[in-house]
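The values are calculated or read from the model by the stated rules, or taken from the named source; none is laboratory data. Being a predicted model, the structure only gives us computed values, none of them experimental. Here the Cβ positions follow ideal geometry from the backbone for every residue, glycine too, while neighbour counts run over all protein chains shown. Ligands, DNA and RNA are excluded from the accessible area calculation, which covers all protein heavy atoms including side chains. Shrake-Rupley method; radii C 1.70, N 1.55, O 1.52, S 1.80 Å.
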Amino acid sequence: MIRSTLLTLALVGLAAAATAQTWEENLAAGAATTPQNHLNVPFNTFTNMRTVYSSPGNWPIFENRGPIDRSPQDKPSKVLVMGSGDPNPNPYRHGPALAVIVNDYPYFIDAGEGWWRAVSYSIQSQSAIDLISIMGVQNLKYMFLTHLHEDHTVGLPSFISNPFKFGQLLGGVDKKVYGPEGVDEMMAHINAAWRIDRNEMAQGSTVQKFDGATAVGIPVWPLTDVNGRKIYEDDNVLVEAFPTAHGFLEHSYAYRFTTKPDNRVLVFGGDGHYSEGLVNAARDADILFVEGITRRNIMSAPWGGQTLEEKLEIIGAYHMFPSDMKRLQDDSGVRNIVMVHVQNYNTPEDFDRLSVLQEMIDEGVTNILQAADGDIY
Ligand SMILES: [Zn+2]
Ligand SMILES: [Zn+2]
């Protein structure tokens, strides 16, 4: 009996030691995560992998693990990855959604598909911080959009309406949504589109007030100076925006957060390839959260032309190949990179869920990890 209690205590001790790993140890552990193929079993596999619903990009997870707290334990400011997914309709990875948490207050970056569910998923799967109180509906106020592509914005109606519906009696708060030119128009249209729903809720028996029912879009525009500029500041954070290069969008941004209590520099690159603005945003930062895409298996990408030349040119105009990532790290001096929104293409037979990470490492990129939903950094 005593022996088994001691054994239990020893195991608990081991678990505690494992969670208290340093950042460097966490990096090593993350990079060494065992590659596991075909974790979708017993999910269906299909002979026709070219449909939008059935390619490896839609398979359950990109890493064989649950959410991890990889944040430095001596830093109170955290980054929560609520959604690490890409446009592939993957029901197990939420669309792009991140949060900087300072003094138990969240600042959100991008509102991908399933935003409201992603909040709940993080709360239920990650216990390292008190997400229930941090994500109280009265705290859901500030959103920073890297760009206005659908996969980064389709969660906005949820960001506005669901906290209003579910938590308005607790004290709703109107939203402030920062983003490129057009964000004011987008928010006005969203407010208008859900007008009937909002009015009905406000007249119902349970909800009497409009507080928190709407959002205002605040354009960070024009922003062409690659040196960026300050767009927001309060007692918790300083936020600067920098122009990035993403496809044929005229305006897409990276956001550089400096946390005031502990002086962390946390950068969110959104989508895009190497650019001077992104280098400046990430300069000497603690962590850059950024996308990455396969170069090795790019012929399996279901878009971007037919030939290799077409795919390299078209997809390379939108996304971050390993050679771009290496150049970005070298030129910016960023200390750590966490990949989100990873686009990992291959045939099902040869699919390796960590292969984009491996491509980056093979290219010479160091201190790089791949995020899963619910991770803390
Ligand atoms: Zn995009
Ligand atoms: Zn995207």
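Things to note:
- Think of region 220-325 as having a plus end and a minus end, set by charges on the Cβ of Lys, Arg, Asp and Glu; of Phe321, Pro222, Ser252, Phe321 sits farthest toward the positive end of this dipole.
- Put simply, the amide H of Val338, placed in the peptide plane, has neighbours under 5 Å in Leu288, Phe289, Val290, Leu369, leaving out anything fewer than 5 places away on its chain.
- Largest accessible area first, the listed residues His149, His246 line up as His149, His246 when surface is computed with a 1.4 Å probe on the assembled protein chains.
- Of all accessible heavy-atom area on region 284-377, the percent that carbon and sulfur account for (1.4 Å): 46 percent
- Karplus-derived 3J(HN,Hα), 6.51/-1.76/1.60, for each residue of region 362-377, Hz, glycine and proline x: 4, 6, x, 6, 10, 6, 10, 10, 10, 7, 10, 4, x, 5, 10, 10
- Amide H to amide H distances under 5 Å link Asp69 with Ile376, where only residues 5 or more positions off or on other chains count and H is placed in the peptide plane.
- Between Arg117 and Glu250, the modelled label-to-label distance comes to 3.5 nm, taking each label 7 Å out from Cα in the direction of the beta carbon.
- Positive dipole terminus of region 68-205, leading residue within Ile160, Val100, Val137 (C-beta point charges): Val137
- Estimated distance in nm for a label pair at Gln306 and Asn263, the labels positioned 7 Å out from Cα along Cα-to-Cβ: 5.8 nm
- Listed residue pairs exceeding 23 Å between alpha carbons, taken from Lys75/Lys175; Lys78/Lys260; Lys78/Lys230; Lys141/Lys165; Lys75/Lys176: Lys75/Lys175; Lys75/Lys176
- Asp104 accessible area, assembled protein chains, probe 1.4 Å, Å²: 100 Å²
- A simple spin-label model places pseudo-atoms 7 Å from Cα toward Cβ; at Glu200 and Asp225 they are separated by 4.8 nm.
- By DSSP, the beta bridges lying fully in region 249-377 are antiparallel in about 25 percent of cases.
- Under a 5 Å amide H cut-off, with hydrogens placed 1.01 Å from N, Thr146 pairs with Asp110 among residues at least 5 apart or on other chains.
- As a calculated quantity, the FRET efficiency between Ala317 and Val216 at R0 = 22 Å, using C-beta atoms, amounts to about 0.10.
- Restricting region 146-199 to GluC sites (Glu not before Pro) in coil, as DSSP defines it, with at most 11 other Cβ within 10 Å: none
- Taking GluC sites (Glu not before Pro) across region 313-377, the ones in a DSSP loop with at most 16 further Cβ atoms lying within 10 angstrom of their Cβ are Glu349.
- Every Cα-Cα pair in region 259-377 was counted, and those over 26 Å apart are 19% of them.
- Our coupling estimate for region 123-133, obtained by passing each phi through the Karplus curve with A = 6.51, B = -1.76, C = 1.60 and θ = phi - 60°, is 4, 7, 10, 10, 10, 5, 10, 7, 5, 4, 7 Hz, Gly and Pro reported as x.
- Region 272-320-region 330-377 distance, computed between alpha-carbon centres (Å): 12 Å
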